[in-house]
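Structure first, then comments.
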Amino acid sequence: MKTTMKRLFAIAFTILLIATCAVAVFAASPADADQAPDTSSSVQDAEQDSATPSKAIAAGICVGLAAIGGALGMGYSIAKSSEGISRQPEADGKIRTNLMIGLVFIETAIIYALVVAILIIFVL
């Protein structure tokens with residue numbers, strides 16, 4: 001079980017690293033550095049339109065990774081709490097309370113990722 005979790009976390013970390021690199025590549029716009037200050041507005045509009053798909057991809061990666069991490073964390077928490085309740089049924093109230101508090105914190109992290117994705121799309 002521990003080996004499987006270590007492999008799963010290693011895979012999740014690798015995916016996160018690749019996604020971060022992809023976001024950095026998509027977020028960097030090399031056309032801005034080469035652009036002369038006296039360009040027309042149509043060229044600037046075209047560049048702004050080309051940045052929109054990159055923002056969508058970055059936001060999708062952000063929310064997707066947060067959802068994957070949250071789902072793994074929730075599944076692991078629920079499995080361990082069920083195991084704890086089955087071992088010690090008299091402590092089910094305390095275990096269930098701690099489980100709910102933990103699930104709320106995990107869900108809050110996912111909501112923060114959604115807010116970051118919205119900021120990526122509309123602010124950047």
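The values are calculated or read from the model by the stated rules, or taken from the named source; none is laboratory data. Owing to the predicted nature of the structure, the values given are computational and were not obtained by experimental measurement. Counting neighbours? That spans all protein chains shown, and the Cβs are built from the backbone with ideal geometry, glycine included. Areas reflect the complete protein model, heavy atoms only, side chains present, ligands, DNA and RNA absent. Shrake-Rupley method; radii C 1.70, N 1.55, O 1.52, S 1.80 Å.
Could you grab me the full set of residues in the stretch 72-106 that are closer than 30 Å to I57 by Cα and open to solvent by 80 Å² or more (accessible area, probe 1.4 Å)?
Correct list: Y76, V104, F105.
For the stretch 62-104, enumerate the residues that are within 26 Å of I15 (Cβ to Cβ) and charged (D, E, K, R).
K80
Just a yes or no: is a residue in the stretch 37-59 modelled with pLDDT of 60 or more, open to solvent by less than 50 Å² (accessible area, probe 1.4 Å) and under 12 Å from the mean Cα position of the chain (by Cα)?
Within the stretch 37-59 (the criterion being modelled with pLDDT of 60 or more, open to solvent by less than 50 Å² (accessible area, probe 1.4 Å) and under 12 Å from the mean Cα position of the chain (by Cα)), the answer is yes, since at least one residue qualifies.
Do the conditions hold for S77, that is, is it of a type in the set (S, T, Y), in contact with a helix residue (DSSP H, G or I) (Cβ under 9 Å, 6 or more places away or on another chain) and modelled with pLDDT of 90 or more?
yes
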